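So the structure is just underneath, and the comments pick up after that.
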Amino acid sequence: MDSAPDTDSPDSPHCLIPAPTSTSTPHTPQGPPTRHPLHPHTTLHTTPGTEPLAALLRGGIGAATGLALPDGSVGRDRIVLRTSPEVAGRHGPEGYRLSTDRSVDDVAVLIEGGSAAGVFRGMQTLRQLLGPDAFRRAPLESTRQWDLPGVTVEDGPRFAWRGLMLDVSRHFMPKDGVLRYLDLIAAHKLNVFHFHLTDDQGWRIEIKRYPRLTDVGAWRSRTKWGHRASPLWDEKPHGGYYTQEDIREIVAYAAERHIRVVPEIDIPGHSQAAIAAYPELGNTDVIDTASLSVWDTWGVNPNVLAPTDNTLRFYEGVLEEVLEMFPEETSPFIHIGGDECPKEQWQKSDLVQERIRELGLAGENELQSWLIRHFDSWLSARGRRLIGWDEILEGGLAPGAAVSSWRGYGAGIAAAEAGHDVVMCPEQHVYLDHRQAGGEDEPMPIGYVRTLEDVYRFEPVPPQLGAEAAAHILGTQANVWTEVMENQSRVDYQVFPRLAAFAEVAWSALPAPADRDFADFDRRMTAHYKRLDALGVDYRPPTGPLPWQQRPGVLGRPIEGAPPNR
């Protein structure tokens, strides 16, 4: 008979996150689960297409275990990486089959992927099977013996788009922090990094033909501390930006980990930083744009771009450099924002009203649609696809555009039924800046309460969609807006552990939300907290914030009209 599963061990195949499609263990007599050791003489064998993964395996698992893993193409004590058409056919290009029971090819570890990306996903599972200390950067004990449970794991993702959006405009995250987050999302088998680079509070990407975007637009003199209703200010100047070399490094680092990067350049709203740098971009006949500075508080800003030919040429110039930094093979989508664009300045501007008449448009919503359509055509001519927040549906959506559905499911449903591709990211479910509990000790609490279990029960595909429309749901992403996240530790607190639940929703074939086994996920999280500890993640403990994670006396933003615990 099979031995009882060791479900309490953090390196058990029954503690994997995200949950795999299937696991099987060899038939053994009653007793402890079969374990297979890795040795100092264990070698690593790559096959065509997997060679670049060797450095990642040695730099991750090799560094943590102290095993050198030299090249070796013969012998039983090998880790073998290879692609497999059979795995691709069963589980897709990111699927994999991992065997550690020596029953396949008589090697220590065999990882077969539907592509190199699938092999890389399998490597993340291998790391979990080695235990939490495999997530460290150096071995804790030079004499430690490393072994693996005998198991075969077959797995593949539910969605092709499994993303995390990180806002670096409200609070700048230095380059090393961004690279660290790429490692963290890779460890959770996510594959899209949505890089929110521009907003009212800061422009974070170097554009060489427009140097004032970073000379001026990347810096603000002070910052609101807490929600915009808070009376508190951090009087220190804040800012920073990524050079073009930084951006290329980030994109290359992501590509090594089979992560696509979606850069976001906001138009026509969320643009005060750009207008502060180049006042002619604003509605100069309505306000004194030369008096504007980079915004130092939060909320929806009334200062939006003027829909002039000069603005079009300016942002075409911006995007030309963006496309050079984010090549098509790693960044097929370019996000142009399109959300929260107040129309008051356009309504008051004689120049804008004349433009509406010239173009034969019905009003300001159609004007925004015209602007979005312009850049959709411009990007399409260069082999890219435009994606924007769901406000781009207002006034008519450009034919090839995709939609990030953030204000709930409704816009995503409408877009999918109209034949547009959709990424589901409704704020009520996967905005990780929202509070994790209703207690007063939550640091600067924002928005809805969304617990770990709430995120685990999120369903990206609305049940009312028919099969044809549901096929337009590319996938899902969690969004992290950083108005009240002043540093990496605060970002960690908001993102984790909920990103682990989100990753399972995005990857695993889960049942309907009401039928999901949260108790089992919570049990597996006991092991995963140890992995996060090894990675140095300042997550929110399940018992609540630690004393240094609280922000007493700083106002957050409850949702108006919500129950008291939200």
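The values are calculated or read from the model by the stated rules, or taken from the named source; none is laboratory data. On a predicted model such as this, the values are computed, not experimentally measured, just so you know. Using ideal geometry, Cβ is built from the backbone for each residue, glycine included, and neighbour counts are taken over all protein chains shown.
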Point to revise | Val422 free of Cβ contacts under 8 Å to residues at least 24 places away in the same chain and in the same structural domain as Leu367 (by TED's automatic domain parsing) | key: no
Exercise for review: Among residues belonging to region 221-259 that are exposed (fewer than 15 other Cβ atoms within 10 Å of the Cβ) and among the hydroxyl-bearing types (Ser, Thr, Tyr), point out the one that is farthest from Ile446 (Cα to Cα).
Suggested key: Thr243
Practice item. Scan region 41-53 for residues that are without any contact (Cβ under 8 Å) to a residue 60 or more places away in the chain and either part of a loop (DSSP other than H, G, I, E, B) or within 17 Å of Ala134 (Cβ to Cβ) (or both) and jot them down. Key: His41, Leu44, Thr47, Pro48, Glu51
Exercise for review: Please tell me if Asp421 is buried (at least 18 other Cβ atoms within 10 Å of the Cβ) and farther than 30 Å from Ser508 by Cα.
Suggested key: no
Exercise for review: Determine if region 442-462 includes at least one residue that is within 24 Å of Glu394 (Cβ to Cβ), within 15 Å of the chain's Cα centre (by Cα) and either among the aliphatic types (A, V, I, L, M) or not assigned by TED's automatic domain parsing to the domain that holds Phe333 (or both).
Suggested key: no
**Study point:** Positions within region 508-522 being of a type outside the set (A, V, I, L, M) and either under 15 Å from Leu452 (Cβ atoms) or crowded, with 16+ Cβ neighbours inside 10 Å (or both), in sequence order
**Key:** Ser508, Pro513, Arg516, Asp517, Phe518, Asp520, Phe521, Asp522
Review point. Before we move on, is Glu364 charged (D, E, K, R), crowded, with 18+ Cβ neighbours inside 10 Å and either closer than 28 Å to Leu474 by Cα or not assigned by TED's automatic domain parsing to the domain that holds Glu329 (or both)?
Key: no
Point to revise | Count of residues meeting criterion [surrounded by 18 or more Cβ atoms within 10 Å (Cβ to Cβ), closer than 25 Å to Asp133 by Cα, aliphatic (A, V, I, L, M) and without any contact (Cβ under 8 Å) to a residue 60 or more places away in the chain] in region 55-98 | key: 5
Practice item. Report whether or not Gln353 is under 30 Å from Phe314 (Cβ atoms), without any contact (Cβ under 8 Å) to a residue 40 or more places away in the chain and assigned by TED's automatic domain parsing to the domain that holds Arg523. Key: yes
Exercise for review: Go through Leu148, Leu110, Leu179, Leu166 for me and flag whichever is assigned by TED's automatic domain parsing to the domain that holds Thr482, part of a strand (DSSP E or B) and either out of contact with any helix residue (DSSP H, G or I) (no Cβ under 9 Å at 6 or more places or on another chain) or not basic (Lys, Arg) (or both).
Suggested key: Leu166
Review point. From Ala519, Ala534, which residue is without any contact (Cβ under 8 Å) to a residue 24 or more places away in the chain, outside any loop (DSSP other than H, G, I, E, B) and over 30 Å from Asp234 (Cα atoms)?
Key: Ala519
Review point. Hey, any hits in region 294-312 for a residue that's more than 26 Å from Ser404 (Cα to Cα), without any contact (Cβ under 8 Å) to a residue 24 or more places away in the chain, surrounded by fewer than 21 Cβ atoms within 10 Å (Cβ to Cβ) and among the polar types (S, T, N, Q)?
Key: no
